[in-house]
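My structure is below; once you've seen it, I'll send some questions.
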Amino acid sequence: MTTNPLQRPLDGITVISLEHAIAAPFCTRQLADMGARVIKIERPGVGDFARGYDTRTRGLASHFVWTNRSKESLTLDLKQDEAGDILEQLLAEADVLVQNLAPGAAARMGLSFDALHERFERLIVCDISGYGEGGPYEHKKAYDLLIQSEGGFLSVTGGPGEEHMAKAGCSIADISAGMYAYSGVLSALLLRARTGKGSRIDVSMLEGLVEWMGYPMYYAFEGAEPPPRAGAAHSTIYPYGPFPVGAGDTVMLGLQNEREWASFCTKVLLSAELASDERFDANAKRSANRAQLRQIIVERFATLTIQEVVDRLQHAQIANARVNDMHGVWDHPQLKARDSWREIDSPVGKLPALLPPGRNDAFEPRMDAVPGLGEHTASILGKLGYGTQDLERLRAQGTI
């Protein structure tokens, strides 16, 4: 039995999304990758405010290009009466509603799961918010950096001292929430296949990020000292982090056990006796005496090129990496060798896009265009029976 290579797991699934910024769009883009039809509802004339974050991708916003390919853009002012009728018709044919509006906004518009479930028993509703429903923080504004702060992420990143704390260089709290929303929707679709009924998914950015903080939290269990900030190095394992080499380059390396430590001393530092040095003969000792050990490593690496260091590390079977900037990632030889890039359409022409991680040999993921604002409004409403005069009237009154 062969599988149709054009058949994707979510073909035939329709998702309506009231989304902005990152968490919800990242969730729904992944649903689109798997074949779902995603109708992105945006404010007329303005759209998802992430469209205006920057103009770095040939005039388009980098965040928007990343999280919105393969979607249809429908402009709709949900404050207008007739917009509610349009949304009702869309939801009647939909499988999933995803929203990350301001806390309480969806419920005020009659879009809570309880209200919708009475009319659309099979509809799955995914609500994404900063802090989740209930509790003292339910209505508190939440942006990625603020959740990084509340979730403890900032307490373990950056250099020593609070003045050197550093946020993640990408929207990690939004990404974690988007990932859990995506997997939650997939689980709800599986559940519906068994029960015939939709369910509600309540995803909070705080809980998504705190789940990812499991290691430092348990390390600081019952009042124990939390892991210290260690910059790009590991806070409790050493040597594990960046080290300068000759010609101003930097190599990243990591040791996990005593066997690797002995190999590192013998084959990389060329100092077998260092392996049994009582200052460094256990990870806890190496971590406690990291300043002394770092000086030794830096001195040995100073006369070597980065390729020589990498060759020694490879020979010793020590994990290592180059410290790439964004240009280095765009040109990464492994991504090229694995044919990881595709071209997608956009309002400004062809753009490169990374294939979704986790390839399945039974199908190709959907890699369609990044939509212009309202690009699909006429076609979506046309299928609902709205003619040219109806569209002109709706535009005139600001509904679309």
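Any residue at all in the stretch 351-361 that is acidic (Asp, Glu), exposed (fewer than 15 other Cβ atoms within 10 Å of the Cβ) and part of a loop (DSSP other than H, G, I, E, B)?
Yes, the stretch 351-361 has at least one match.
Please state which one of Leu18, Leu10, Leu6 is modelled with pLDDT under 95, over 16 Å from the mean Cα position of the chain (by Cα) and on the phi < 0 side of the Ramachandran plot.
Only one candidate passes the filter, namely Leu6.
Of all residues in the stretch 188-214, count the ones that are in contact (Cβ under 8 Å) with a residue 12 or more places away in the chain and over 17 Å from Leu146 (Cβ atoms).
Going through the stretch 188-214 one residue at a time, the tally reaches 11.
Next question. Could you check how many residues of the stretch 298-327 are in contact with a helix residue (DSSP H, G or I) (Cβ under 9 Å, 6 or more places away or on another chain) and in a helix (DSSP H, G or I)?
Here the count works out to 8.
Then there is this: Looking only at the stretch 116-144, how many residues end up being surrounded by fewer than 15 Cβ atoms within 10 Å (Cβ to Cβ), in a helix (DSSP H, G or I) and in contact with a helix residue (DSSP H, G or I) (Cβ under 9 Å, 6 or more places away or on another chain)?
Number satisfying all stated conditions: 1.
The values are calculated or read from the model by the stated rules, or taken from the named source; none is laboratory data. Please read these numbers as outputs of a predicted model, since none were measured by experiment. Glycine also receives a Cβ, built like all others from the backbone with ideal geometry; neighbour counts cover every protein chain displayed.
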